[in-house]
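Participant: Before I ask anything, here is the structure I am working with.
The values are calculated or read from the model by the stated rules, or taken from the named source; none is laboratory data. Since the structure is predicted, the reported quantities are computational estimates derived from the model, not experimental observations. Backbone-built Cβ (ideal geometry, glycine too); neighbour counts: all protein chains shown. Just the protein is used for accessible areas: all its heavy atoms, side chains included, with ligands, DNA and RNA removed. Shrake-Rupley method; radii C 1.70, N 1.55, O 1.52, S 1.80 Å.
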Amino acid sequence: MRLHAIAGAAIGALLTVSCSSVRPVAIHDGDQCFRCRRPIIEKAMAAELMDGNLASKFRAPGCIAKYLADHPKETGTIFVTDFATGKWVSPDTALFVPIVMDRNTGESDYHAFASKADAAAAAADAHAAPIDWKTVLDKARS
């Protein structure tokens, strides 16, 4: 009886540890954006939506924001790439700087920054103001 209790506790602890942290999946050359099906060219702008073990990859923060605006019941853990370091961060803690991706078409999106100083410097260069994730989502919904 005691052996079963110890084994049960060990299995429970293992399951708790394995399910408690969701980690993003690396972006590879040739990966396509889940929303627009275009290739993810600049990995420093990528984003992911993790739903369990399934990773939906996006080209940029604006693309995932548009997807979430079109699919309001979608749930999961969201990650964006810190443009300065290339590391995954939560969009809730990042600041976003609007950028023009293609001057010919006027296509725009965002660079995400984990550091306020990096965001402020990039915003000054872009003649823009950093915004938070809620504002990015609100703009995608409008």
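Participant: Among the residues of the stretch 112-131, what is the count of those that are open to solvent by 70 Å² or more (accessible area, probe 1.4 Å) and either in contact with an Asp or Glu (Cβ under 8 Å, 6 or more places away or on another chain) or part of a loop (DSSP other than H, G, I, E, B) (or both)?
Facilitator: Qualifying residue count for the region: 1.
Participant: Regarding ARG35, is this residue open to solvent by 40 Å² or more (accessible area, probe 1.4 Å), part of a loop (DSSP other than H, G, I, E, B) and either hydrophobic (A, V, I, L, M, F, W, C) or modelled with pLDDT of 95 or more (or both)?
Facilitator: Yes.
Participant: Acidic (Asp, Glu) and not in a helix (DSSP H, G or I), is that true of ASP109?
Facilitator: Values: acidic (Asp, Glu): yes; not in a helix (DSSP H, G or I): yes.
Yes, satisfied.
Participant: When the stretch 50-100 is examined, which residues are found to be in a strand (DSSP E or B), open to solvent by 40 Å² or more (accessible area, probe 1.4 Å) and of a type in the set (D, E, K, R)?
Facilitator: Taking the stretch 50-100 as the starting set, the residues that turn out to be in a strand (DSSP E or B) are 50-51, 54-58, 77-82, 88-89, 95-100.
Those left that are additionally open to solvent by 40 Å² or more (accessible area, probe 1.4 Å): 51, 54, 77, 88, 95, 98, 100.
The answer is ASP51, and nothing else.
Participant: Of the residues ALA55, ALA47, which is touching a Pro at 6+ places or on another chain (Cβ under 7 Å) and over 20 Å from ASP138 (Cβ atoms)?
Facilitator: Unique residue meeting the criteria: ALA55.
Participant: Can you name the condition, by its number, that PRO39 falls short on among (1) touching a strand residue (DSSP E or B) at 6+ places or on another chain (Cβ under 7 Å); (2) closer than 22 Å to LEU95 by Cα?
Facilitator: Result: PRO39 passes all but (2).
Participant: Another one. Within the stretch 21-32, is there a residue that is charged (D, E, K, R), part of a helix (DSSP H, G or I) and either under 15 Å from the mean Cα position of the chain (by Cα) or at pLDDT below 80 (or both)?
Facilitator: No; the residues of the stretch 21-32 include none that is charged (D, E, K, R), part of a helix (DSSP H, G or I) and either under 15 Å from the mean Cα position of the chain (by Cα) or at pLDDT below 80 (or both).
Participant: Filter the stretch 51-67 for residues that are of a type in the set (A, V, I, L, M, F, W, C) and more than 9 Å from the chain's Cα centre (by Cα) and give the result.
Facilitator: Once the filter is applied, which keeps residues that are of a type in the set (A, V, I, L, M, F, W, C) and more than 9 Å from the chain's Cα centre (by Cα), the stretch 51-67 yields LEU54, ALA55, CYS63, ALA65.
Participant: Return the residues of the stretch 45-68 that are modelled with pLDDT of 95 or more and aliphatic (A, V, I, L, M); say none if nothing qualifies.
Facilitator: MET45, ALA46, ALA47, LEU49, MET50, ALA60, ILE64, ALA65, LEU68
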